[in-house]
Amino acid sequence: MNKKFVASCPICQGESLKKLTTCKDYFMSNEEFNLYKCSDCGFVLTENVPQENEIGRYYQSDTYISHSNTNKGLMNKVYHVVRNYMMAKKTSLAKKSTGLEKGELLDVGAGIGLFASKMRSKGWNVQGIEPSKAARLTAKELYGLDLYDQSLWQDLPSESKDLITLWHVLEHLPNLNESWEAFFRVLKPTGKLIIAVPNSRSFDANHYGADWAAYDVPRHIWHFNAKTMQQIALKHGFRVIKTLPMPFDGFYISMMTEKNLKHNLPIIKGSWIGFRGYLKALRDKDNSSSLIYVLQKI
Ligand SMILES: [Zn+2]
């Protein structure tokens, strides 16, 4: 299999990447992948990720939850309740951070189009990019929404969007710097960029170490924290204007980790770790399992 070897840090170009730990793909392949950390800036990445034409099979499970609407099992039910709550939060954040009731939205990694269709129903002009054909078809079936593959980027006019959103997507994108360049080009000077990603410095990440489910190798290539997010934003002419915790992600990720480890009572144990992380994140959002960053051009 062709694997992509990252020789230098995509943020600072440093060439001293040191092995941090080994993670297992619990979700799909049971293969192991190594995480490497840049000695210069601290950025963490998954090394030897399968190439773009082969990564598809690591997503090929009808349970990859963001691409599906499955409601089977207690954990999926919990996920869906939380997802509906978060959807309301996301649409309100979109309006609040742009200061607009309606505008031009690009949702990158739109999945089955839930957020995009919610925003459309609120009067926004919506375009969405989603590489999975199955997910695009589901979006069409469920919401009558036309999503596009990555080739849409080249058709998007410069400075045409009020808002670009990536809900748990940036960590999946193989061409990290090129993606940021595209965000900069397509966003209006006054536009906002909203990025939600797992926080590798969170309480639950520290607690579970290499087994933390949000490392999700090899699907997650880049592992951000507040510091490395600021660094890459700055590199591409953005600054973080707001950081918000995502309190419920810690419950879900912890339950998932307990389940992956085949521990007894995964929901109870995971909830307990999620709850402890939730309390800690109330005092310091850096403990939050995931973080939402609102960015604008410098
Ligand atoms: Zn670096």
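Data for the structure
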| quantity | calculated |
| --- | --- |
| The range 97-147, residues that are in a loop (DSSP other than H, G, I, E, B) and more than 19 Å from the chain's Cα centre (by Cα) | GLY99, LEU100, GLU101, LYS102, GLY103, LYS122, GLY123, TRP124, GLY144, LEU145, ASP146 |
| Flag if ASP62 is open to solvent by 60 Å² or more (accessible area, probe 1.4 Å), at pLDDT below 95 and of a type outside the set (S, T, N, Q) | yes |
| Single residue of the range 24-48 satisfying the filter (among the hydrophobic types (A, V, I, L, M, F, W, C) and more than 9 Å from the ligand (Cβ to nearest atom)) that is surrounded by the fewest Cβ atoms within 10 Å (Cβ to Cβ) | MET28 |
| Any hit, the range 226-238, residues being touching a Gly at 6+ places or on another chain (Cβ under 8 Å), modelled with pLDDT of 95 or more and not aliphatic (A, V, I, L, M) | yes |
| Criterion violated by GLY270 - all others in (1) over 17 Å from the mean Cα position of the chain (by Cα); (2) over 14 Å from ALA214 (Cα atoms); (3) of a type in the set (Gly, Ala, Ser) satisfied | (2) |
| Qualifying residues in the range 251-265 (those that are touching a residue at least 12 places away in the same chain (Cβ under 8 Å) and within 18 Å of LYS77 (Cβ to Cβ)) - the one surrounded by the most Cβ atoms within 10 Å (Cβ to Cβ) | SER254 |
| Qualifying residue in the range 235-247 (condition: within 23 Å of VAL81 (Cα to Cα), touching a residue at least 12 places away in the same chain (Cβ under 8 Å) and either among the basic types (Lys, Arg) or open to solvent by less than 30 Å² (accessible area, probe 1.4 Å) (or both)) | yes |
| Residues that are closer than 18 Å to ALA116 by Cα and either in contact with a Cys (Cβ under 7 Å, 6 or more places away or on another chain) or open to solvent by less than 50 Å² (accessible area, probe 1.4 Å) (or both), drawn from the range 154-179 | LEU156, SER160, LYS161, ASP162, LEU163, ILE164, THR165, LEU166, TRP167, VAL169, LEU170 |
| Top-ranked residue of the range 180-221 - restricted to ones that are among the small types (Gly, Ala, Ser) and closer than 18 Å to PHE275 by Cα, ranked as surrounded by the fewest Cβ atoms within 10 Å (Cβ to Cβ) | GLY209 |
| Some residue of the range 212-220 being modelled with pLDDT of 95 or more and touching a Leu at 6+ places or on another chain (Cβ under 6 Å) | no |
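The values are calculated or read from the model by the stated rules, or taken from the named source; none is laboratory data. Remember, predicted model here, so these are calculated numbers, not experimental data. So basically every Cβ, Gly included, is an ideal-geometry build from the backbone, and we count neighbours across all protein chains shown. Ligands, DNA and RNA are excluded from the accessible area calculation, which covers all protein heavy atoms including side chains. Shrake-Rupley method; radii C 1.70, N 1.55, O 1.52, S 1.80 Å.
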